[in-house]
Amino acid sequence: MKIRRSVLRRLVEEVVSEREEGADKMYKDRRREIDRMVKTLQASLKKMDAKQKKEPTNYGYAGSAGRLVDEMREMIQSLS
């Protein structure tokens with residue numbers, strides 16, 4: 001199995017960070033990353049909205065939205 005350098009570097013940085021600064025910093029870093037990802041998701045959804053508007057009969061967009069709904073429900077349930 002081939003691992004990208006960027007992925008390996010991130011994993012090493014996480015281990016070093018956890019040892020040096022503890023779980024609190026790691027949680028805060030990951031929380032900031034989640035916030036950035038949510039913003040990116042919102043921007044991506046707006047782009048998908050525009051594409052769907054041009055192709056209102058294309059069920060692919062409904063399928064993609066349904067998959068996202070399912071995955072988000074699963075994520076929310078894991079936080080409960």
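Any read-out appearing in this document is the output of simple, stated calculations on the displayed coordinates, not a laboratory observation. Source: prediction; values computed, not measured. Because the Cβ atoms are built from the backbone with ideal geometry, glycine has one as well, and the counts that use them run over all protein chains shown.
Loop sites here are trypsin sites (Lys or Arg not before Pro) outside DSSP states H, G, I, E and B with no more than 15 other Cβ atoms within 10 Å. The longest part of the chain free of them is 5-80.
May I ask you to derive the FRET efficiency for Leu68 and Arg32 from their Cβ-Cβ distance with R0 = 22 Å, giving the value to the nearest 0.05? FRET efficiency, Leu68 to Arg32: 0.50. Among the lysines, select those whose C-alpha is under 19 Å from the C-alpha of Lys46, and discard any that sit fewer than 8 residues away in the same chain. Here the lysines satisfying the reach criterion relative to Lys46 are Lys54. In summary, the lysines within cross-link reach of Lys25, defined as a Cα separation below 27 angstrom excluding same-chain residues under 8 places away, comprise Lys39. The residues neighbouring Glu55, those whose beta-carbon lies less than 15 Å from its own, together hold a net charge of +3 under the Lys/Arg +1, Asp/Glu -1 convention. Remark on the stretch 5-79: hydrodynamic radius 15.2 angstrom, per the Kirkwood mean of 1/r across alpha carbon pairs.
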